[in-house]
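Here's the structure we're looking at; comments come further down.
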Amino acid sequence: MNQFLGPLDSSGRVPPLQQTRVSSFLVSIHGALARQLALALPGQFKAGWQTELNTQLHRETEIVSLLLRATSWAPDVMAFYNTLIWEMAWLPNPVSGVTDGRLAATIDIAALGHAAHGAIRPAALLPVEASADDPFVVALRRIEFESSRLIQTQIHFLKSDDLKPARDAVSAAVNDRHRQVRKLWAEMLDSIGIKHRADDE
């Protein structure tokens, strides 16, 4: 097991199958967030945190678009199975104990977003000798940079006054999504020979 992607080719590029597997996971989770945010956000905003989540919607879409174009895709016999497992995992799971259905769903989306941007550090997979001209390398670094900002959106919402009455349920939802995302991320990395490091969590 290795800690980093590779072995790199003579140009310092990550092997296409590793690119494909990593990007497939990231496209799946960020695509799910974009779809769910698009459905959950109301047509008329009534709270400041809704404007922040609207910004996240567009950032998630940008991440998916970036990965689709920056990845050197390769045939992957596990693609269908992995995608099925991941997409089922990201299905909405509205938080119990919250009477407002839209709010309960939005809490779950924010919890998933918190995990996607907090538990996954894609740039940490890159060895120092990875080519700075490789679009995939640049994309992973860009995503990690964006994640450091986007996680503030989830924190702003999850700690808002609107959610004070459901604080325990919110915390449980965040913890559950973190465990789920970490497990699936680690399994995906294991499938391409990468050891998931505890300090990446």
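The values are calculated or read from the model by the stated rules, or taken from the named source; none is laboratory data. Nothing here was measured: the structure is a model prediction, and the numbers come from that model. For neighbour counting, all protein chains shown are included, and Cβ atoms are generated from backbone atoms with ideal geometry for every residue, glycine included.
Just a few scattered comments:
- Evaluation of Arg59 against the conditions (1) touching a helix residue (DSSP H, G or I) at 6+ places or on another chain (Cβ under 8 Å); (2) without any contact (Cβ under 8 Å) to a residue 12 or more places away in the chain shows that the sole unmet condition is (2).
- Positions within segment 94-109 being farther than 11 Å from Leu163 by Cβ, modelled with pLDDT of 90 or more and assigned to a loop (DSSP other than H, G, I, E, B), in sequence order: Pro94
- Output for segment 12-57, where each listed residue is of a type in the set (Lys, Arg) and closer than 28 Å to Phe136 by Cβ: Arg13, Arg21, Arg35
- Single condition Ala130 does not satisfy, out of (1) within 18 Å of Ala34 (Cβ to Cβ); (2) at pLDDT 95 or above; (3) of a type in the set (A, V, I, L, M); (4) in contact with a Gly (Cβ under 8 Å, 6 or more places away or on another chain): (1)
- Count of residues meeting criterion [of a type in the set (Ser, Thr, Tyr), out of contact with any Lys or Arg (no Cβ under 9 Å at 6 or more places or on another chain) and outside any helix (DSSP H, G or I)] in segment 127-177: 1
- Picking from residues in segment 110-126 that are in contact with a Phe, Trp or Tyr (Cβ under 7 Å, 6 or more places away or on another chain) and outside any loop (DSSP other than H, G, I, E, B), the one that is surrounded by the most Cβ atoms within 10 Å (Cβ to Cβ) is Ala110.
- When Ala70 is tested against the conditions (1) of a type in the set (Gly, Ala, Ser); (2) over 21 Å from Arg149 (Cβ atoms); (3) surrounded by 16 or more Cβ atoms within 10 Å (Cβ to Cβ), the lone failure is (2).
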